[in-house]
Amino acid sequence: MAAALLGGAALGPVFDILLKSVIDVGIHILTFRSKFLSLKETLNCIKPVFDDIERLSKVLDGRDEEIDMFKKQLMKGEELVLKCSKIKRCDPLKRWSYSRKLTKLDYSLVKFCQIHGLIQVVRDTKQILVKVNENGKILEEIHSMVRNVSLTRSGSSIGFTNSSGSIGWMNGSSFGFSGLSDVPQVSDSMVGFEVPLHELKQKLKLLQEKDKVLVLSAPPGCGKTTLAAKLCQEDDIKAIYRDNIFFVTVTKTPNIKRIVGEIFEKKGDRVPEFATEHVAICQLNNLLGGITQPILLVLDDVWSESEFVIDHLKLQIPDFKILVTSRSVFPKFDTYKLNLLSEEDAKDLFCISAFKDGSPDVRLDLVHKVVRSCGGFPLALRVVGRSLCGQSEVTWFNRVMMQSKRQILFPTENDLLRSLQASIDALDEKALYSRETTTLRDCYLDLGSFPEDHRIHPATLLDMWVERYNLDEDGITAMAIFLELSSQNLVNLALARQDARVVLGLHNLHYIQQHDMLRELVIHQCDEKPVEERMRIYINIKGNDFPRWWFEQRLQPLQAEVLSIVTDEDFSSNWDDVRFPKVEVLVLNFETRTYNLPPFIKQMSQLKTLVVTNNGFFPANLNNFQLCSLLNLKRINLERISVTSIFTANLQLPNLRKISLNMCEIGEAFENSAAKMPYMWPKLVEMNIEYCSDLTKVPAETCDLVDLKRLSICYCHELVALPEEVGRLTNLEVLRLHSCTKLAELPKSIVKLNKLKFLDVYDCVAMDNLPLEMDQLCSLQTLCMGSSLGIDELPDSLQKLVKLEDVVCDEETSYKWDSVKEHLKNLRITVMEEHVNLNLLHRS
């Protein structure tokens, strides 16, 4: 049937036939279910691109060879799908073969779109420029089409470049398409939001074009962000705005250029460098002005002094609306006030958190007193309820007494903070087994080291806690802490996959995030003592406005063990020489393209962990990176830093154990300096490299780091090869290559790693074989592989891996392990569900 459509036929019918076949067959064929879901998602997402290409082709009255080629590809795909419907589940060889063919079809469709779609744009642009006087509307169509080609699907087999040539990405096997908005996840246990959701939705729909702005106002902890996120996920709202919902957190210290940059990033476009705020707004107007569908911009957490942000972003373009969440009311904008929960709803929400089956198992009068003390704040009800879950009536009684007596001098949030304070204090009762004097509360207070609404990388906290609290380096205890804090509703965890949390542990956790009200409380607790007595000092510098005590303490050493300094783009990097001789953890967050490290670092003789994070959009250069005097420094964690500025410095660190490079610009400096690494860092046992888009190969000299135990190179989509010398890393226990989508094979010498326990090649979609002598990896316990991995057949040598306990894979790959499992009776196969998670965009 499809063949009859080739000659001169429109692309649409051929495309629709394949899509219909995928849907019809995918519903009934379990064997290839995940492949069909992936293929269906791909077809749905690339269809707009080719609709635009075909539309322009019609305008130009021209035949198009690329479109004919694509039609043939689609028809072959239809034939393949129909053949898959006839494959019997009991025939494993054919299942493997056709599974790989479906993967290649999926990949080829997007590759075709990537290459030929952009060629089409360039060619048609030249032709249309000649005809522009005949039809002035065509330029708008080109602009729209170029944006539509700006798609990514990283962590799987697909990657589209945008019009600038840069590639976007998302964590895990998620799709990341232009226009998707990173809306926060919403808890299933929402109580009392049905009426507010309906009212807010109606108010937004009825908002006049001239008004454009709707403010959702309520005190902190009432669920403003939750309600706004829920609104964005409603089917009727998504039907109106489709992929044009942009959810941006503003924070207490807003930055217009940063906000605009985030919208560009969420749209899938390269973030320009904005010389001024005015230029940023103009470019945003150009970006959004070319969208012909309604647009919803959500500005979350706008403070009273930041009304100018709303004014600047109130663009005069059609069908554009702004939803603002704020603790304040802005009189000149239409406002919806979210009330506290009613007593009945408050009790229901509290019971969901406090009791496993939702029914009270303690005296009802105690329940009523605790609920009333929470004041109808959803945040307090969840946190307090979870902290009392499973506790005795004595504990309940003590909590009621504690909350009734506590006084916290916050002007407008007394009730909320009083309730939350008691729950955080209760963490003191939970000691970590690694150090009896260290409690869960100590770990929780360390979260104040990071900026408001910051997405904290779990490895960063691990680096802090390993050195401060003697936690194990494999992250088992850290993961237990994260899960416990999450169970107490004190943090939000973004897990890559719910079905692999036990097997993958910390590797399955993308980021941790803390409610801004809880962060304020943490900082308040840490600041209660005089500055010279504080164990943790958290400093937020706006412009060059240092805290007053900074200049008063220049001659007096401070006792802090954790120091966090956050600066903005207006900071001049002029530091006074304050002394912090006892600091063990230093966390620096900044936004400038060039950053001078504080000179007082050289005097931090006890410094063990250094975390440097650039919160801008472009890699930054570090100056004054002279750390040789820091003989106790064991961990360095860098994010969005140009590595050139690091390796050109003197980095002789004899006790350094771990270095992490996240979203860094590797350049040639890494390769040119690799030979120095064994001499600069003779005790290095762990190296993490993530989201470094310009890393194409790992220097052979890296393999001279013979003490290395853990090597993680993940989401580096340009990495094509590992050095054959990798077999020299004889102490290596963990090798993670997750989502290195161009990595075609493992070096043959990898089988020499007889201490290797954990190997992750999941989402290495270009890899089509494993080494034949896999049995030489005699210590291997966990193997992660799958998600469109093009391996037709597993080597027989896997049957001899007697220590192999866990295999993490997708459904198709799991069939290949059936024969292996017959020889390895204790082997567990964890099958990952194919899913799309749009909330894992790895951006702080």
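The values are calculated or read from the model by the stated rules, or taken from the named source; none is laboratory data. Here the structure is a predicted model, which means the values were calculated and not measured. Don't worry about glycine lacking a Cβ; one is built from the backbone with ideal geometry, like all the others, and counts go over all protein chains shown. Just so you know, the surface numbers come from the protein's heavy atoms only, side chains and all, with ligands and any DNA or RNA stripped out. Shrake-Rupley method; radii C 1.70, N 1.55, O 1.52, S 1.80 Å.
Rundown of residues vs (1) touching a strand residue (DSSP E or B) at 6+ places or on another chain (Cβ under 7 Å); (2) within 19 Å of GLU822 (Cβ to Cβ); (3) at pLDDT 95 or above; (4) open to solvent by 10 Å² or more (accessible area, probe 1.4 Å), yes/no style:
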| position | (1), (2), (3), (4) |
| --- | --- |
| LYS755 | no, no, yes, yes |
| ASP768 | no, no, no, yes |
| SER788 | no, no, no, yes |
| SER797 | no, yes, no, yes |
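Conditions tested, residue by residue: (1) open to solvent by 60 Å² or more (accessible area, probe 1.4 Å); (2) outside any helix (DSSP H, G or I); (3) at pLDDT 70 or above.
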| position | (1), (2), (3) |
| --- | --- |
| GLY7 | yes, yes, no |
| SER21 | no, no, yes |
| ILE27 | yes, no, no |
| PHE36 | no, no, yes |
| LEU39 | no, no, yes |
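The combined condition, being among the aromatic types (Phe, Trp, Tyr), without any contact (Cβ under 8 Å) to a residue 60 or more places away in the chain and either closer than 17 Å to ILE259 by Cα or touching a His at 6+ places or on another chain (Cβ under 9 Å) (or both), is not fulfilled by PHE320. Taking the range 331-358 as the search range and keeping residues that are part of a loop (DSSP other than H, G, I, E, B) and in contact (Cβ under 8 Å) with a residue 12 or more places away in the chain, which one is most open to solvent (accessible area, probe 1.4 Å)? If we take residues in the range 331-358 being part of a loop (DSSP other than H, G, I, E, B) and in contact (Cβ under 8 Å) with a residue 12 or more places away in the chain, then LYS356 is most open to solvent (accessible area, probe 1.4 Å). Residues that are open to solvent by 20 Å² or more (accessible area, probe 1.4 Å) and modelled with pLDDT of 90 or more within the range 799-814 comprise GLN799, LYS800, VAL802, LYS803, GLU805, listed in sequence order.
Every residue, every condition in (1) hydrophobic (A, V, I, L, M, F, W, C); (2) under 35 Å from the mean Cα position of the chain (by Cα), yes or no:
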| residue | (1), (2) |
| --- | --- |
| ARG519 | no, yes |
| VAL522 | yes, yes |
| ASP527 | no, yes |
| MET535 | yes, yes |
| ASP545 | no, yes |
| GLN556 | no, no |
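Contact map, the range 465-492: first residue acidic (Asp, Glu), second residue in a helix (DSSP H, G or I) and at pLDDT 85 or above, Cβ cut-off under 9 Å, separation 6 or more or different chains; pairs are ASP472/VAL466; ASP472/ALA478; GLU473/LEU462; GLU473/VAL466; GLU484/LEU440. Would you mind finding the one in GLU561, GLU569 that is closer than 20 Å to ARG468 by Cβ and in contact with a helix residue (DSSP H, G or I) (Cβ under 9 Å, 6 or more places away or on another chain)? Testing whether each residue is closer than 20 Å to ARG468 by Cβ and in contact with a helix residue (DSSP H, G or I) (Cβ under 9 Å, 6 or more places away or on another chain) leaves just GLU561.
Looking at the structure I just gave you, is SER328 surrounded by fewer than 22 Cβ atoms within 10 Å (Cβ to Cβ) and under 32 Å from the mean Cα position of the chain (by Cα)? For SER328, the condition - surrounded by fewer than 22 Cβ atoms within 10 Å (Cβ to Cβ) and under 32 Å from the mean Cα position of the chain (by Cα) - is met. Would you confirm whether or not the range 550-565 contains a residue that is out of contact with any Ser or Thr (no Cβ under 7 Å at 6 or more places or on another chain), assigned to a strand (DSSP E or B) and surrounded by 12 or more Cβ atoms within 10 Å (Cβ to Cβ)? The answer is yes; a qualifying residue exists.
Starting from residues that are assigned to a loop (DSSP other than H, G, I, E, B) and in contact with a strand residue (DSSP E or B) (Cβ under 9 Å, 6 or more places away or on another chain), keep the ones in the range 801-825 and report whichever is farthest from ASP763 (Cα to Cα).
Within the range 801-825, the match that is farthest from ASP763 (Cα to Cα) is LEU801.
Of everything in the range 711-735, what is within 27 Å of the chain's Cα centre (by Cα), crowded, with 21+ Cβ neighbours inside 10 Å and not in a loop (DSSP other than H, G, I, E, B)? Give them in sequence order. Correct list: LEU711, ILE713, CYS714, LEU735. Residues in the range 372-387 that are closer than 17 Å to ALA426 by Cα, open to solvent by less than 40 Å² (accessible area, probe 1.4 Å), part of a helix (DSSP H, G or I) and in contact with a Leu (Cβ under 9 Å, 6 or more places away or on another chain): LEU379, ALA380, LEU381, VAL383, VAL384, GLY385, SER387. Is there a residue in the range 740-752 that is within 21 Å of the chain's Cα centre (by Cα), open to solvent by less than 20 Å² (accessible area, probe 1.4 Å) and hydrophobic (A, V, I, L, M, F, W, C)? Yes, the conditions are met somewhere in the range 740-752.
Tell me which residues, restricted to the range 359-369, are more than 19 Å from SER487 (Cα to Cα) and either surrounded by 15 or more Cβ atoms within 10 Å (Cβ to Cβ) or in contact (Cβ under 8 Å) with a residue 12 or more places away in the chain (or both).
Listed by number, the residues that qualify are VAL362, ARG363, LEU366, VAL367, HIS368, LYS369.
Selection over the range 248-258 of residues that are within 25 Å of LYS205 (Cβ to Cβ) and either over 18 Å from the mean Cα position of the chain (by Cα) or open to solvent by less than 10 Å² (accessible area, probe 1.4 Å) (or both) gives a count of 2. Residues of the range 537-572 that are touching a residue at least 40 places away in the same chain (Cβ under 8 Å) and under 26 Å from ALA275 (Cα atoms): ASN540, LYS542, VAL566, ASP568, GLU569. Just so you know, in the range 413-469 the residues that are at pLDDT 80 or above, more than 21 Å from LEU381 (Cβ to Cβ) and β-branched (Val, Ile, Thr) include one that is surrounded by the fewest Cβ atoms within 10 Å (Cβ to Cβ), and it is ILE456.
Tallying residues that are open to solvent by less than 10 Å² (accessible area, probe 1.4 Å) and either within 23 Å of GLN652 (Cα to Cα) or modelled with pLDDT under 90 (or both) within the range 574-612 yields 18. Taking the range 697-710 as the range and being open to solvent by 70 Å² or more (accessible area, probe 1.4 Å) and within 25 Å of VAL765 (Cα to Cα) as the test, only LYS697 passes.
Taking the conditions exactly as written (open to solvent by 80 Å² or more (accessible area, probe 1.4 Å), touching a residue at least 12 places away in the same chain (Cβ under 8 Å) and out of contact with any helix residue (DSSP H, G or I) (no Cβ under 9 Å at 6 or more places or on another chain)), does LYS314 satisfy them or not? Considered against the rule, which asks whether it is open to solvent by 80 Å² or more (accessible area, probe 1.4 Å), touching a residue at least 12 places away in the same chain (Cβ under 8 Å) and out of contact with any helix residue (DSSP H, G or I) (no Cβ under 9 Å at 6 or more places or on another chain), LYS314 comes out as no.
Please verify whether LEU627 is without any contact (Cβ under 8 Å) to a residue 60 or more places away in the chain, in a loop (DSSP other than H, G, I, E, B), surrounded by 21 or more Cβ atoms within 10 Å (Cβ to Cβ) and in contact with a strand residue (DSSP E or B) (Cβ under 9 Å, 6 or more places away or on another chain), treating the condition exactly as stated. It is true that LEU627 is without any contact (Cβ under 8 Å) to a residue 60 or more places away in the chain, in a loop (DSSP other than H, G, I, E, B), surrounded by 21 or more Cβ atoms within 10 Å (Cβ to Cβ) and in contact with a strand residue (DSSP E or B) (Cβ under 9 Å, 6 or more places away or on another chain).
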